[in-house]
Amino acid sequence: MREQTKIKGPSGRNKARSNGRVIRVRAVVSGLVQGVGYRYFAVNEARRCDVAGWVRNRLDGSVEAEAQGDQSLVAAFVERLGHGPQWGRVDHVETTEIPLADNEGFEFRVRRDAR
């Protein structure tokens, strides 16, 4: 991954400089990631990275997220997913690049748990 330069975004937050390529990834995070505030951690990190998408719990005890945005910003978000909140423990983050969603908008939210 190329080196990221910190700049202030329109919201005044620091973010990595855009490289212009928009991607979407699905991440499945395993470990102690449910019941520890992981989804809300993911929402906060997504907002810091300026990516859109969603996060939800899965029945198998993992957490699933989809994030869309500039490639370098999505990469920074995925890297942060590997750290998790202080009460959790991340054992593995599996990522897959998937097709872009046309209707994603500009927010990142918690979705209803998978059934």
Item to check | Residue ID - nearest to Ile23 (Cα to Cα), chosen from residues in region 64-89 that are open to solvent by 70 Å² or more (accessible area, probe 1.4 Å) and outside any helix (DSSP H, G or I) | outcome: His83
Checklist outcome for this item: Within region 42-65, the residues that are of a type outside the set (D, E, K, R) and in contact (Cβ under 8 Å) with a residue 40 or more places away in the chain are Ala42, Val43, Ala46, Val51, Ala52, Gly53, Trp54, Val55, Asn57, Leu59
Checklist entry - Which of the residues spanning region 36-63 are among the polar types (S, T, N, Q) and not in a helix (DSSP H, G or I)? => result Asn57, Ser62
Checklist entry - Do we have Arg56 as open to solvent by 10 Å² or more (accessible area, probe 1.4 Å), at pLDDT 95 or above and in contact with a Phe, Trp or Tyr (Cβ under 9 Å, 6 or more places away or on another chain) here? => result no
Checklist outcome for this item: Scanning region 16-41 residue by residue, the ones that are open to solvent by less than 70 Å² (accessible area, probe 1.4 Å), under 15 Å from Ala75 (Cβ atoms) and in contact (Cβ under 8 Å) with a residue 60 or more places away in the chain total 5
Checklist entry - Can we say His92 is at pLDDT 95 or above, open to solvent by 50 Å² or more (accessible area, probe 1.4 Å) and out of contact with any helix residue (DSSP H, G or I) (no Cβ under 9 Å at 6 or more places or on another chain)? => result yes
Next on the checklist: Looking at the structure I just gave you, is Arg112 more than 27 Å from Gly20 (Cβ to Cβ) and at pLDDT below 95?
Outcome noted: yes
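The values are calculated or read from the model by the stated rules, or taken from the named source; none is laboratory data. None of these values were measured; they are calculated from a predicted model. Here Cβ is always computed from backbone atoms with ideal geometry, including for glycine, and neighbour counts include all displayed protein chains. Protein only, heavy atoms only, side chains kept; ligands, DNA and RNA dropped before computing areas. Shrake-Rupley method; radii C 1.70, N 1.55, O 1.52, S 1.80 Å.
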